[in-house]
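Asks: First the structure, then my questions, so here it is.
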Amino acid sequence: MGKLLVKVLGGAGEVGRAAVLVKSLESGTAVLLDYGVNFDEQDRPLFPQHVRPRDITCVALSHAHLDHCGSLPSLFVSYELALYATPLTIELSDLLIKDLLKLSGYYLPYEHREVSKMLECTVPVTYGEVVEVTRDLTLTFLNAGHVPGSSMILIEMDGWRILYTGDFNPMPTCLLNGADLSNIPKDIDLVIMEGTYVNGTHPPREVLERQLVEITLSVLEEGGCVLIPSFTVGRSQEVLSILVKYGIDTYPIIVDGLARIANEIIARYPHYLRDYKLYKRAMEVAIEVPSEYFRRNVGSEPCIIISPAGMLKGGAVIQYLKKLSKNRKNAIILPSFQAPGTPGFQILTRGKAIVDNKEIKIDAQIYWLDLSAHAGRRELEEFIRRFDTNTRIIMVHTTLLNALKFVTRLKQKYDIDNVLVPRNLGETLVLEKTA
Ligand SMILES: [Zn+2]
Ligand SMILES: [Zn+2]
């Protein structure tokens, strides 16, 4: 049995620019898992380490978030490479990458032409299907429960069995079934997993759903408006579904920005959703912004607005923020993680934010809810304990400090010491099969 090379091109001790190369040193067969972007403090894109497309057999994409797909088109500048993903991931990635081009095109090493070439090279896969890429390489995509179309990817290559989790959530949400852990074989040689929430525990989902509903209702009943800044893919649909499930649709629910388009794309793929009937009802209830006049006059009647960007870094949500932040009757509910430095984080910590180079003071009520789409510490621990002690585990997509604390905890609590946390971009490991 030959050796396996693992190169962490991005996402080493960092939440963002996910990219891992796994290569069989026996045959040279190599799979690139995700190729995303991150952003610096000035919001300029940061890319994973370079990899020559001709050295890769294929690319496998876990899901549509830009931290997993945002650098992919750069591989198609002068080369054609097969890109495997679910059809929904492909469509949503196209939407988000084109938006990135619009906002940050100046800094990107690709243009629309490369995005089109990438789309031509995609090979759509379905969950559970064993896809034969070459004689010594198969890929199997399994539901990751993170966002619609998201996948964990099982790779069988030259006798090696590797699992890449991408971003995953074993717990069911209103929108999605939990990650399909039951179809993961027990005898895996290498697991490459995310650790976004490696040091946090999520409150029970139902408690969070009820909190969202109670806060929203009390604000509306007092004559206020509720602004819910949400990510285009995943959180916008989840929040909308929760509100409809609990019957808040007697008040207008407005969906603005790219979330409207994402809603429509997802509606064409019912089998990825946990409860399509609920989603269909949510889509019927959601009001698309009728006019610019409406945007300008929002706030005169109680209503709910769901709009990207989730961390208030731009998008349609800014116009609403400026308008609604002045009135104490209104509320801003942040339903996701807010990265330090973002306007969303500033609002949470200081009650004011710099938007468009101007400071906005928030008089409206501010709430944060942990409606996460990632496994929490408890789920990550349980996940790791599924594998036997021979399985090598590499944790990416996490902050270094939190991951190292987690590794110490695993050792003390369960005597598990097979989890490795790469520290540097480009860190390379060569693995040999254990007996
Ligand atoms: Zn994600
Ligand atoms: Zn991610």
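The values are calculated or read from the model by the stated rules, or taken from the named source; none is laboratory data. Since the model is a prediction, treat every value here as computed from it, not as a measurement. Note that each Cβ is placed from the backbone with ideal geometry, even for glycine, and that neighbours are counted across all protein chains shown.
Asks: If GLU91 satisfies all but one of (1) surrounded by fewer than 20 Cβ atoms within 10 Å (Cβ to Cβ); (2) more than 24 Å from LYS23 (Cα to Cα); (3) not hydrophobic (A, V, I, L, M, F, W, C), what's the number of the condition it fails?
Replies: Every condition holds for GLU91 apart from (1).
Residues checked against (1) within 16 Å of ligand 1 (Cβ to nearest atom); (2) of a type in the set (Val, Ile, Thr); (3) within 30 Å of ASP363 (Cα to Cα); (4) touching a strand residue (DSSP E or B) at 6+ places or on another chain (Cβ under 7 Å):
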| position | (1), (2), (3), (4) |
| --- | --- |
| THR173 | yes, yes, no, no |
| SER182 | no, no, no, no |
| LEU190 | no, no, no, yes |
| MET193 | yes, no, no, yes |
| THR196 | yes, yes, no, no |
| VAL207 | no, yes, yes, no |
| GLU214 | no, no, yes, no |
| VAL219 | no, yes, yes, yes |
| SER236 | yes, no, yes, yes |
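Asks: Would you pick out the residues in region 342-399 that are under 25 Å from the mean Cα position of the chain (by Cα), more than 24 Å from ASP67 (Cβ to Cβ) and part of a helix (DSSP H, G or I)?
Replies: GLU382, ARG385
Yes/no per residue for (1) farther than 30 Å from ASN183 by Cβ; (2) surrounded by 23 or more Cβ atoms within 10 Å (Cβ to Cβ); (3) not polar (S, T, N, Q):
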| site | (1), (2), (3) |
| --- | --- |
| GLN346 | yes, no, no |
| TRP368 | yes, no, yes |
| HIS397 | no, yes, yes |
| ASN402 | no, no, no |
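Asks: Same structure again: Please enumerate the residues belonging to region 94-115 that are hydrophobic (A, V, I, L, M, F, W, C) and either crowded, with 20+ Cβ neighbours inside 10 Å or modelled with pLDDT of 95 or more (or both). Write out each step before concluding.
Replies: First, pick out the residues of region 94-115 that are hydrophobic (A, V, I, L, M, F, W, C): 95-97, 100-101, 103, 108, 115.
Of everything in region 94-115, those that are hydrophobic (A, V, I, L, M, F, W, C) and either crowded, with 20+ Cβ neighbours inside 10 Å or modelled with pLDDT of 95 or more (or both) turn out to be LEU95, LEU96, ILE97, LEU100, LEU101, LEU108, VAL115.
Asks: Can you tell me which residue within region 126-139, out of those that are part of a strand (DSSP E or B) and either surrounded by fewer than 22 Cβ atoms within 10 Å (Cβ to Cβ) or among the charged types (D, E, K, R) (or both), is nearest to ligand 1 (Cβ to nearest atom)?
Replies: Our first condition is that a residue be part of a strand (DSSP E or B); within region 126-139, this holds for 130-134, 137-139.
Applying the additional criterion that residues be either surrounded by fewer than 22 Cβ atoms within 10 Å (Cβ to Cβ) or among the charged types (D, E, K, R) (or both) yields 130-134, 137-138.
Working: VAL130: 25, VAL131: 22, GLU132: 28, VAL133: 24, THR134: 28, LEU137: 25, THR138: 25 Å.
Looking at the filtered set, the residue picked out is VAL131.
Asks: For region 142-163, enumerate the residues that are within 13 Å of ligand 1 (Cβ to nearest atom), of a type outside the set (Gly, Ala, Ser) and either part of a strand (DSSP E or B) or not assigned by TED's automatic domain parsing to the domain that holds GLU194 (or both).
Replies: Going residue by residue through region 142-163, those that are within 13 Å of ligand 1 (Cβ to nearest atom) are 144-152.
Those still in the list that are of a type outside the set (Gly, Ala, Ser) too: 146-148, 152.
Answer for region 142-163, where residues must be within 13 Å of ligand 1 (Cβ to nearest atom), of a type outside the set (Gly, Ala, Ser) and either part of a strand (DSSP E or B) or not assigned by TED's automatic domain parsing to the domain that holds GLU194 (or both): just MET152.
Asks: So how many residues does region 54-68 have that are buried (at least 19 other Cβ atoms within 10 Å of the Cβ), out of contact with any strand residue (DSSP E or B) (no Cβ under 7 Å at 6 or more places or on another chain) and not in a loop (DSSP other than H, G, I, E, B)?
Replies: 2
Let's see how each residue does on (1) basic (Lys, Arg); (2) in contact (Cβ under 8 Å) with a residue 60 or more places away in the chain:
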| site | (1), (2) |
| --- | --- |
| LYS326 | yes, no |
| PRO343 | no, no |
| ARG392 | yes, yes |
| MET395 | no, yes |
| ALA403 | no, yes |
| VAL407 | no, no |
| ASN418 | no, no |
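Asks: Still on this structure, please answer the following. VAL123 is checked against (1) part of a strand (DSSP E or B); (2) within 16 Å of ligand 1 (Cβ to nearest atom) and fails just one. What number does that condition carry?
Replies: With respect to (1) part of a strand (DSSP E or B); (2) within 16 Å of ligand 1 (Cβ to nearest atom), VAL123 is out only on (2).
Asks: Follow-up question, since we're still on this one. If you take just the strands (runs of 3 or more DSSP E) that sit entirely in region 180-262, which of them hold at least 1 residues that are in the same structural domain as SER151 (by TED's automatic domain parsing)? Spell out the reasoning first.
Replies: Details: elements: 190-194, 226-229, 253-255.
So the answer is 190-194.
Asks: In addition: How many of the residues in region 165-202 are within 19 Å of HIS65 (Cα to Cα), of a type in the set (Ser, Thr, Tyr) and over 14 Å from the mean Cα position of the chain (by Cα)?
Replies: Keep residues of region 165-202 that are within 19 Å of HIS65 (Cα to Cα), which gives 165-170, 173, 175-179, 192-197.
Filter once more, keeping what is of a type in the set (Ser, Thr, Tyr): 165, 173, 196-197.
Of the ones still in play, those that are also over 14 Å from the mean Cα position of the chain (by Cα) are 173.
So the answer is 1.
Asks: Which one of GLY2, GLY11, GLY28, GLY36 is at pLDDT 95 or above, among the small types (Gly, Ala, Ser) and surrounded by fewer than 21 Cβ atoms within 10 Å (Cβ to Cβ)?
Replies: On inspection, the qualifying residue turns out to be GLY28.
Asks: Just checking, which of THR349, THR398 is within 30 Å of ILE318 (Cα to Cα) and in the same structural domain as THR196 (by TED's automatic domain parsing)? If you could, list the steps in order and put the result at the bottom.
Replies: Working: THR349 fails: in the same structural domain as THR196 (by TED's automatic domain parsing).
On inspection, the qualifying residue turns out to be THR398.
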